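Structure first, commentary second.
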Amino acid sequence: MKKFVASLWVFALSLVATGAHAAQPEPWQVRFQPAATGIMEQIRWFEAYTLWFIVPITLLVMALLAWCIVRYRASANPVPSRTSHNTLIEILWTVGPVIVLLLLAVPSFQLLTAQYTPEEEPAVTIKATGVQWYWDYEYQDTENPLSFTSLMLQDGDRASAGKEDRAQYPRLLTVDNEVVVPAGQTVRVLVTSSDVIHAFAMPAFGIKADAVPGRINETWFKAEREGLYYGQCSELCGKDHAFMPIAIRVVSQDQYQSWYAAAQEDLEGANRALMAAIEDGKGEDKVAAAE
């Protein structure tokens with residue numbers, strides 16, 4: 001069922017125009033961000049699925065409590081019952097929860113397995129290192145490696161970075177250098193830390209991995225929708241924990257290749273060219289101009 005839903009999701013994404021999409025927290029948000037990967041769509045499906053159990057069980061327990069309070073209050077029941085066993089009730093409250101747990105466990109384990117099992121070999125591998133309080137990224141390309149630091153963009157630097165639109169580049173989430181990945185390709189992320197424990201989390205992708213000093217954890221995603229996505233460090237890591245955001249820009253394969261080639265020589269110029277190409281819809285022509 002979940003694979004079928006995920007397939008429908010991927011098909012729907014292919015029919016939607018891309019480019020201007022940006023997933024980020026919203027004021028008074030109580031649900032998940034829009035899913036950008038098949039895994040996140042499965043997570044959203046599982047959340048809705050569990051609610052079909054949680055809500056009726058909660059209402060049933062509340063109703064039973066209310067009934068017991070009213071029916072067996074001291075004034076209405078001065079002589080309490082001496083009943084100590086009820087075979088039918090004991091069977092029901094044993095078998096019922098077992099069935100519910102099985103119905104929850106099966107899709108839960110299937111989702112957990114999918115989260116740790118990429119469908120294909122990763123096309124891109126990126127090492128993300130948490131530092132107090134920013135992220136270092138290294139593209140694991142043996143022939144043409146690329147590494148850079150990603151810092152939260154200060155308000156005073158917005159104009160020079162061309163990121164004055166707060167709707168697309170929100171305060172406290174915008175960075176100077178986004179991670180750029182190709183759409184429709186599996187990306188492996190190696191997560192570690194240079195000082196304390198951090199956590200690499202991207203809600204729209206359905207991923208979260210602890211960054212532990214001296215250890216490398218691995219996660220992966222396959223973004224099906226182009227756009228700009230935001231996450232944050234999700235592990236308390238010190239006084240500036242709230243100021244080390246994560247930004248991942250998903251672009252077409254051609255745009256990614258052009259950006260990567262240009263970034264070898266001029267990362268800032270490649271980023272600007274990529275932003276311009278996305279904003280005016282001219283594809284990779286402007287990105288290539290930065291090479």
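The values are calculated or read from the model by the stated rules, or taken from the named source; none is laboratory data. Bear in mind that the values here come from a model prediction, so they are computed numbers and not experimental data. Note: ideal-geometry Cβ built from the backbone for every residue, glycine included; neighbour counts use all protein chains shown. Surface areas here come from the heavy atoms of the whole protein model, side chains and all, with no ligands, DNA or RNA. Shrake-Rupley method; radii C 1.70, N 1.55, O 1.52, S 1.80 Å.
In the chain, the DSSP beta bridges split such that about 70 percent are antiparallel, to the nearest 5. Across the stretch 232-237, rounded Karplus estimates of 3J(HN,Hα) from the backbone phi angles (6.51 cos²θ - 1.76 cosθ + 1.60, θ = phi - 60°) give 8, 4, 10, 9, 4, 10 Hz, Gly and Pro being marked x.
Multiplying the residue separation of Ile91 and Gln264 by 0.36 nm and removing their Cα-Cα distance gives an extension gain of 55.5 nm. Taking every DSSP helix (H) stretch of at least 4 residues in the chain, weighting each as -39,500 (n - 2.57) and dividing the sum by the residue count yields a mean residue ellipticity at 222 nm of -12500 deg cm²/dmol.
Under 1.5 on a/c is rounded, so check that first for the stretch 163-214, then, if it is not, pick prolate when a/b is larger than b/c and oblate when it is not; a ≥ b ≥ c are the square roots of the alpha carbon gyration tensor eigenvalues. Note, shape of the stretch 163-214 comes out oblate. Once backbone amide H atoms are built at 1.01 Å from N, Val124 has Arg188 as its partners under 5 Å, excluding neighbours fewer than 5 places away on the same chain.
Counting protein heavy atoms only, the chain has 60 percent of its accessible area on carbon and sulfur, 1.4 angstrom probe. Of the peptides 162-174, 221-233, the ranking by mean beta-carbon count within 10 Å, highest at the top, reads 221-233, 162-174. For Trp135, the residues whose modelled amide H falls within less than 5 Å of its own, excluding neighbours fewer than 5 places apart on the same chain, are Ser150.
Length gained on full extension, Leu51 to Gln154, computed as 0.36 nm times the residue gap minus the Cα-Cα distance: 33.0 nm.
Of all DSSP-defined beta bridges confined to the stretch 48-206, some 65% are antiparallel rather than parallel. The orientation-averaged projection of the convex hull spanning the C-alpha atoms of the stretch 9-168 amounts to 18.6 square nanometres. Between the amide H of Thr174 and those of Leu153, distances stay under 5 Å, these residues lying 5 or more places away or on another chain, with hydrogens modeled in the peptide plane. Across the chain, the relative contact order, built from alpha-carbon pairs under 8 Å that are at least six residues apart, equals 20 percent. Just so you know, the Rg over Rh for the stretch 153-291 is 0.97, from Cα atoms, with Rh as the Kirkwood radius. Averaged per residue, the chain has 57 square angstrom of accessible surface, using a 1.4 angstrom probe with ligands and nucleic acids left out.
Computed about its Cα centre, the charge dipole of the chain is approximately 1960 debye, with only Lys, Arg, Asp and Glu carrying charge at their Cβ.
In this structure, Thr83 and Val61 have a Cβ-Cβ separation that, at R0 = 30 Å, corresponds to a calculated FRET efficiency of about 0.90.
The translational diffusion coefficient of the stretch 118-183, from Stokes-Einstein at 10 °C and 1.306 mPa s with a Kirkwood hydrodynamic radius over alpha carbon pairs, comes to 116 µm²/s. Classification of the stretch 21-99 by its C-alpha gyration tensor yields an oblate form. The axis ratio a/c (a ≥ b ≥ c) is 1.5 or more, and b/c is at least a/b.
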